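Everything on this sheet refers to the single structure shown next.
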Amino acid sequence: MRMKALGALLMTSGLTAACGTFSSHVETDDAALGRVVVYRNGIAYYERTAQVTDGALSLTVPHDKVDDFLKSLTVRDAKTGEALPVAFPTSGATSDGKVDMQVQVPQRGKHDVILTYITESPAWKPTYRVMVDGADGRDVRIQGWAIVDNTSGEKWENVRVGVGSSSALSFRYDLRSVRTVFRETLKSEERFAVAPPTGGSTYGPAKAEEAVIAAVDLAAIPTPSMQSPPRPSPPPMGDVAEAAPERLDVVEHSTGRSYAGRSLYGGAGSSGGGGGGGGRKATRARTPHREPVQAAMAPPPPSPPAPKAPPVKQLADRLKQTGGQVIIEGYAAAGERNAEQVSNDRANWLRNELIREGVAPARLEVQAKGHVDGQAGGVRLVQAERPDRPELQTGDPIGESHFQSEAPVTVDRGTSAMIAILDDDAEGNVVYLYDAESARGNERYAFKAIRFKNPTDSTLETGPMTVYGAGRFIGEGLSEPIPPHSTAVVPFALDREIVVDREGSTGDRISRLMTLERGILRTEVQHTRTTKLKLTSLLHTDTEVFLRHTVSKGWNLVKSPETYEQSGEAHLFRVKLAAGKTVTVEIQEATPLVKAIDVRSPEGLALVRAYVEGGEEVDARFAEPMKKLLAIHTEMANITQSIEAARERVAEFRARSSELQSQIVSLDGVRGGNSLLRHLQQKLKEMSDRVQKDTIAIVDMQQQLMLARVRFQDGVAELSFEQRTAAAAPPQG
């Protein structure tokens, strides 16, 4: 005779049990459900008690849930704690789609048996209430509730219901199917020949075909090359006409699309920012200077329409949406000398630009391929192989949590219940949170937030938080999992009383010299990006503002407010803000870049000047002669400025001479105008003398500038030679 329902393994099917003896005498009793614990990973833990009389306990399990049941079932004698065996058919099912099992009890008589098992179940949902009282908002009480759905097909009557979560893994596993193992049949007869072993695959998966993300054409890369013809001497400052940026052709191999556009920085060495404290604003686009085109010249052919975003930015945006490591392969073209160095420069150029566009430096690896047969010069982006392992996502369980209802509850089948799991005072107060990074963040205003400490020994799972203050509703928030006794900051309102002005800039500074040859300096550059936040309070009381800032992998925090807390991958910097006041906060990060710099370019000279004059320990073999070159460059700049001033004066004198000439012509034949006419003629002579004097001075200064240029170029060549010789010379002593 069957017992009543023992429990449910399915949302719509049940596990039933019966007790009886091997004789015809049968006693009937209920198997009581004592405890249910629902977890967030889609399972529930059941604990039941049953009484067995003289023999065995019969169980009926749904056929498709046998494996889960066998994987987790424990049966023990309630008095002795002895584990009891379970028997079941090796295959097939009963006519109603269920499998009969029997728990064997060795001794006769009545025995109390405890059964535990897990089964599929809907995950419980947390929800929280935060009550804030007190004039300073420091009296905080937090309540937690768990919403549990009973879809088991049976009524939970007077059951202790608990909820929990953990990082424990759960899976399906076949335990009921019969497994046979093939064994080879051996014979004792002699063998005159031995067959070779059967060929097959090696252990482990075969290496996957490399996934090429994109390729950049050789002509698009503005990295200075030692094989290129020497660049002409730089024109004097003020007369510099920047060359048009080179075309950047990018081909995506996954889609076959190509992007034709402009490189972000044209010309050798121009990929760097300003040296030292100088930097480039976040918006780096520059309008190149163009010399006026004579009307007689044929108009240039129309250029193709520019894409909506620069190709490097398109690549960066695509990489930021994907994960994993990316290998940047640099290639030298056929016939190029120093192929290894050239390919390394090209790969590092693209890496630097991707970092400037926001790709995490730790994801980008450079490989200099040199010259490869069949491969054109340029750069390729290849997706690195990633191990087949689970990746944790935001919101995944942190640690463990377990909450148990204090009193038994009744939850009818097909209904849900909200069970209290937490009601306790907590350390906390009302603050402000500036979060411009999250999907629903705000760049202009700080959120009003509740900051509190988890008072329990369990993790508070992600769930909505309703905040009450002074007996009224003041907002709602949503938090990531909060580990035990850790502090969380949860925004719940946007009252626009803390206004934030945000400004970003980048800059480069040489940190280490690598090689120097023919004016091309290869260095390790410390690339910095600075975020300045100006916080203005419109409140009438003092407050605290927490600034959320994430430091990507590969970047190091160089400068920031001293007090901060960690929130996942982000830092929370705390700033005390007085009523009606304004505070400016600076956050600076740095990452190393490998960069080729032309010391003859304005950008290269700015970096070198900051390096040799920065007061840091530098190589004297480079610093001393470079200071002389910088002095020559300063001389050239001063001469150029003097030439420009003289040209402006000549233009003014000539304009004044034209006016005087017109006035003299108009006075010719006018009665009584002789005196004024003589005065104007004297002025005209003075203007002519000044024009002649300044013209001669301009010629002299142009000759001085030419000599200074020659000395500068010769100094660059000598500096390269001395550095190369010093590096190759054997050590003294």
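Does the stretch 516-550 hold any residues that are of a type in the set (S, T, N, Q) and more than 30 Å from the chain's Cα centre (by Cα), and which are they?
Matches in the stretch 516-550: Ser537, Thr541, Thr543.
Of all residues in the stretch 683-717, how many are surrounded by fewer than 18 Cβ atoms within 10 Å (Cβ to Cβ), within 24 Å of Val599 (Cβ to Cβ) and of a type in the set (Lys, Arg)?
1
Could you tell me which of the residues Glu437, Glu443, Glu480 is within 25 Å of Trp124 (Cβ to Cβ) and either out of contact with any helix residue (DSSP H, G or I) (no Cβ under 7 Å at 6 or more places or on another chain) or not aromatic (Phe, Trp, Tyr) (or both)?
Residue meeting the stated conditions: Glu480.
I'd like the full set of residues that are surrounded by 21 or more Cβ atoms within 10 Å (Cβ to Cβ) and in a loop (DSSP other than H, G, I, E, B), limited to the stretch 92-131.
Selection gives Val105, Ser121, Trp124.
Which members of the stretch 320-361 meet the condition of being farther than 27 Å from Leu521 by Cα and touching a helix residue (DSSP H, G or I) at 6+ places or on another chain (Cβ under 7 Å)?
Gln325
Based on this model, can you work out whether Asp689 counts as in a helix (DSSP H, G or I), at pLDDT 90 or above, over 23 Å from Met636 (Cα atoms) and assigned by TED's automatic domain parsing to the domain that holds Val650?
Here the answer is yes, as Asp689 does meet what is asked.
Residues of the stretch 516-562 being assigned to a loop (DSSP other than H, G, I, E, B), within 27 Å of Ala347 (Cβ to Cβ) and of a type outside the set (Val, Ile, Thr), which ones?
Selection gives Arg518, Gly519, Ser552, Lys553, Gly554, Trp555.
Can you find a residue in the stretch 479-486 that is outside any loop (DSSP other than H, G, I, E, B) and touching a residue at least 12 places away in the same chain (Cβ under 8 Å)?
Yes.
Taking the stretch 419-440 as the search range and keeping residues that are in a loop (DSSP other than H, G, I, E, B) and at pLDDT 90 or above, which one is surrounded by the fewest Cβ atoms within 10 Å (Cβ to Cβ)?
By that ranking, first place goes to Ala436.
Identify, from the list Asp174, Asp112, Asp133, the residue that is at pLDDT 80 or above, farther than 25 Å from Met418 by Cβ and in contact with an Asp or Glu (Cβ under 9 Å, 6 or more places away or on another chain).
After ruling out the rest, the residue left standing is Asp112.
At pLDDT 75 or above and touching a Phe, Trp or Tyr at 6+ places or on another chain (Cβ under 8 Å): which single residue out of Leu33, Leu15 fits that description?
Criteria check complete, one pass: Leu33.
Residue check, Val359 against (1) in a loop (DSSP other than H, G, I, E, B); (2) at pLDDT below 85, all met but one. Which one?
(2)
Test of understanding: among Ala596, Ala570, Ala579, which residue is in contact with a Leu (Cβ under 8 Å, 6 or more places away or on another chain), surrounded by fewer than 18 Cβ atoms within 10 Å (Cβ to Cβ) and of a type outside the set (Lys, Arg)?
Sole residue among the options that is in contact with a Leu (Cβ under 8 Å, 6 or more places away or on another chain), surrounded by fewer than 18 Cβ atoms within 10 Å (Cβ to Cβ) and of a type outside the set (Lys, Arg): Ala579.
Among all residue pairs at least 6 apart or on different chains, which show Cβ distances below 8 Å where the first residue, located in the stretch 567-579, is farther than 22 Å from Lys553 by Cα and the second is of a type in the set (Gly, Ala, Ser) and at pLDDT 85 or above?
Listed by first residue and then by second, the contacts come to Leu577/Ser537; Ala578/Ser537; Ala579/Ser537.
Among the residues of the stretch 461-486, count how many are hydroxyl-bearing (Ser, Thr, Tyr) and either within 24 Å of Leu533 (Cα to Cα) or surrounded by fewer than 17 Cβ atoms within 10 Å (Cβ to Cβ) (or both).
Counting residues in the stretch 461-486 that are hydroxyl-bearing (Ser, Thr, Tyr) and either within 24 Å of Leu533 (Cα to Cα) or surrounded by fewer than 17 Cβ atoms within 10 Å (Cβ to Cβ) (or both) gives 3.
Of the residues that make up the stretch 455-476, is at least one touching a His at 6+ places or on another chain (Cβ under 7 Å) and basic (Lys, Arg)?
no
The values are calculated or read from the model by the stated rules, or taken from the named source; none is laboratory data. For clarity, every value in this text was computed on a predicted model and none was experimentally measured. Glycine gets a Cβ as well: all are built from the backbone with ideal geometry, and neighbour counts include every protein chain shown.
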